[in-house]
1. Would you kindly state how much longer the chain becomes between residue 165 and residue 13 on full extension, computed as 0.36 nm times their sequence separation minus their alpha carbon distance, in nm to one decimal?
2. Which order results if 396, 374 are arranged by neighbouring Cβ count within 10 Å, fewest first?
3. On a 0 to 90 degree scale, rounded to 10, what angle separates helix 102-114 from the longest Cα axis of the chain?
4. How large is the Kirkwood hydrodynamic radius of the chain, in angstrom, based on all distinct alpha carbon pairs?
5. Based on the Cβ-Cβ distance of residue 74 and residue 48, what FRET efficiency does E = 1/(1 + (r/R0)^6) give at R0 = 25 Å, to the nearest 0.05?
6. Mean separation of Cα pairs under 8 Å and 6+ residues apart, divided by the residue count of the chain: what relative contact order is that in percent?
7. Mind running the shape call on the range 52-286? Use the C-alpha gyration tensor, a ≥ b ≥ c as the square roots of the eigenvalues: rounded below 1.5 for a/c, prolate if a/b tops b/c, oblate otherwise.
8. Please state, as a whole number in µm²/s, the translational diffusion coefficient that the Stokes-Einstein equation yields for the range 9-117 at 25 °C and 0.890 mPa s, with Rh defined as the Kirkwood radius across alpha carbon pairs.
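Values quoted throughout were computed directly from the atomic coordinates according to the rules given, and no laboratory measurement underlies them. Nothing here was measured: the structure is a model prediction, and the numbers come from that model. Note: ideal-geometry Cβ built from the backbone for every residue, glycine included; neighbour counts use all protein chains shown.
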Ligand SMILES: Cc1ncc(COP(=O)(O)O)c(C=O)c1O
């Protein structure tokens with residue numbers, strides 16, 4: 001980063017969010033009545049459970065309208081601690097839990113509590129678009145750590161070792177990963193944990209897709225490994241699990257001294273999460289969870305349809321993701337080729353062609369760390385996935401049978 005960039009106002013150092021841009025383009029086209037297949041966005045289409053909506057309505061009726069404590073109402077923080085104990089096997093006191101405005105704020109809180117000016121933050125590639133921007137915002141230095149398709153885009157201990165310097169302070173580990181769907185199992189995590197412990201590195205463990213894991217082992221948190229609770233901030237959210245992206249409820253769990261700093265920051269920025277949403281969140285987190293197994297099965301079926309369909313499209317390749325609801329599609333074959341008179345120089349051009357010519361919205365990979373890739377989402381109804389695949393095949397052609 002140049003000296004000029006360093007001394008510029010913090011927000012001017014940031015790049016625009018490519019996913020937010022895609023969202024506004026899609027919104028505009030839909031408002032113009034364009035018949036669009038949406039395979040690009042990171043938003044589940046599951047309905048918020050009835051009892052959760054009822055809890056919000058009851059909170060409004062009871063005029064539950066005042067500020068709450070910054071970190072959230074105590075019953076919710078306690079319910080989140082119970083959930084973490086049940087789901088990832090790690091014990092937190094309610095006082096170590098903060099309810100934040102989405103997982104997004106929880107990550108920023110954590111970075112601001114752990115990273116000093118000039119500290120380096122390891123970010124495995126591909127990554128969620130906001131990680132490097134948030135690191136830059138707080139004056140840290142994002143250090144991308146490449147992963148490979150051969151390793152299923154899982155970051156290894158060796159990958160990390162190659163990028164550690166005396167300034168390395170934090171690893172952002174996002175498992176299941178957006179956009180690759182990579183899931184780190186116990187053995188991967190054990191090796192990563194050993195590196196973190198040995199090199200004195202903290203982990204921000206972004207687990208917002210933890211519900212969407214399709215392996216037999218299921219979701220594992222690095223915080224559950226020996227010695228890691230003390231050096232991990234676990235971040236999760238209701239956004240994806242309960243289809244509540246718009247309600248803006250996320251949370252963190254971390255050792256008390258870090259939580260204290262994070263709460264202080266939040267108290268000066270946003271204060272508490274909307275009080276009504278907190279009551280809904282309490283119903284969601286403490287209510288029945290068994291229906292989520294059905295959601296998972298449903299998403300696994302959608303995944304299989306999308307994986308199968310993409311494999312039949314010319315010039316696209318993607319491994320089957322073990323988690324989340326994305327396909328990380330290598331579209332390098334198209335670079336330097338022509339498509340209906342358009343020059344395709346990278347996956348961004350291909351995404352533009354798909355949007356304009358086939359009316360299929362997919363995510364260009366550049367914002368996630370690779371201009372050779374597209375991000376496709378299967379958080380869409382099966383009919384839309386099938387229609388999107390048909391349109392993509394009509395524009396790009398069918399894969400040769402040998403591929
Ligand atoms: C990997 C990852 N982390 C965090 C978030 C933020 O989630 P929230 O909407 O709860 O702020 C997202 C949202 O897309 C995400 O993909």
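1. Extending this stretch completely gives an extra 52.4 nm.
2. Values: 396 21, 374 28.
Fewest-to-most Cβ neighbours within 10 Å comes out as 396, 374.
3. Its long axis makes an angle of about 60 degrees.
4. On the way: mean 1/r = 0.0458 Å⁻¹.
One over the average 1/r among Cα pairs gives 21.8 Å for the chain.
5. On the way: r = 23 Å, r/R0 = 0.93.
Efficiency, rounded to the nearest 0.05: 0.60.
6. Numbers: 801 pairs, mean separation 91.0, N = 403.
RCO, the chain: 23 percent.
7. Details: a/c = 1.93, a/b = 1.55, b/c = 1.25.
The shape class here is prolate.
8. Numbers: Rh = 18.2 Å.
After rounding, the answer is 135 µm²/s.
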